[in-house]
Amino acid sequence: MVPEVCIYFDFSLFRGNRSKKYNAEKFEAFYTMNYPQLAEAGIDIKFKHQFILPPPTQPLKVHKELETNITVLKLFPGISRKAVEATLSVSGLKGVIMETFGSGNTNTQPWFIESIKKVIDNGAIIVDITQCDGGSVELGKYETSQHLLEIGVVSGHDMTFEAAVTKLMFVLGQGLSIAEAKQMLETSLRGELTPIEVY
């Protein structure tokens, strides 16, 4: 009925790559803020077929080539240049998950943009995801994210942090060109993101 990797918790079935654990103590510990639950169990199980992926047409393939030389840059008000540069100075860095404000907004100071651009110019990919549990990154929607779009930052759309990290490691492990990798990152592979045109 549901040919997906899922989480079943507290009578609800959630798409695994959309799920987030938000509570360490309660039974209703998981949710999918940006995607509906796939089924709900009561006396009967109510499947929401319109939200379930179709059955796969190819046999299962386990991908073992993952690029682990990535890092996470979580922004906060007043973040210092030293903190940013220390995070981005990992030797041989291949990718960065950048957790930004709202719909993808960041610091606009020249030193910050230069630090990001330097990483991109060195061949790494930066994926912008929002720190908010709900909503999506829309690069260029506001002036504070226009510069990111211009220098080649990739939108993570509405992916969770967990999905973004996993997907970046997977995509970078495929031996693709930078352009191909960026395109794959912004494409829904297993329902992990909602393309921006849907909003």
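Can you tell me the FRET efficiency between residue 40 and residue 5 if r is taken as the Cβ-Cβ distance and R0 is 25 Å, rounded to the nearest 0.05? Show your work: numbers first, answer last.
Values: r = 18 Å, r/R0 = 0.73.
The calculated FRET efficiency here is 0.85.
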In whole Å, what is the distance between the alpha-carbon centres of segment 86-157 and segment 1-78?
25
How much accessible area per residue does segment 1-116 have, in Å², with a 1.4 Å probe?
65
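Using a/c under 1.5 as the rounded threshold, could you call segment 139-199 rounded, prolate or oblate? The axes a ≥ b ≥ c are square roots of the C-alpha gyration tensor eigenvalues, and prolate needs a/b larger than b/c, oblate otherwise.
Values: a/c = 1.96, a/b = 1.32, b/c = 1.49.
Oblate, since a/c reaches 1.5 and b/c is not below a/b.
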Reachable lysines, given that their alpha-carbon falls under 19 Å from the alpha-carbon of residue 167 and they are not under 8 places away in the same chain:
20, 21, 61, 64, 74, 94, 182
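State, as an integer percentage, the relative contact order of the chain based on alpha-carbon contacts under 8 Å between residues 6 or more apart.
Numbers: 325 pairs, mean separation 36.1, N = 199.
Relative contact order here is 18 percent.
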How high is the FRET efficiency from residue 83 to residue 58, r the C-beta distance, R0 45 Å, rounded to 0.05?
0.55
Ranked highest first by average number of other Cβ atoms within 10 Å, how do 113-125, 18-30 line up?
113-125, 18-30
Tell me the label only: which of (i) 8, 30, 29, 14, 8, 7, 3, 0; (ii) 7, 20, 19, 16, 12, 14, 10, 2, 0, 0; (iii) 8, 33, 33, 19, 6, 1 is P(r) over Cα pairs in 10 Å bins from 0, in percent as calculated from this structure?
(iii)
DSSP beta bridge pairing in the chain, given as percent antiparallel to the nearest 5:
50
Given charges of +1 on the Cβ of Lys and Arg and -1 on the Cβ of Asp and Glu, with all other atoms neutral, how large is the dipole of segment 42-199 about its Cα centre, in debye to the nearest 20?
320
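The values are calculated or read from the model by the stated rules, or taken from the named source; none is laboratory data. Since the structure is predicted, the reported quantities are computational estimates derived from the model, not experimental observations. A quick note on method: Cβ atoms are made from the backbone with ideal geometry, for glycine too, and the neighbour counts reach across all protein chains shown. Please note that ligands, DNA and RNA were not included when accessible areas were found on the heavy atoms of the full protein model with its side chains. Shrake-Rupley method; radii C 1.70, N 1.55, O 1.52, S 1.80 Å.
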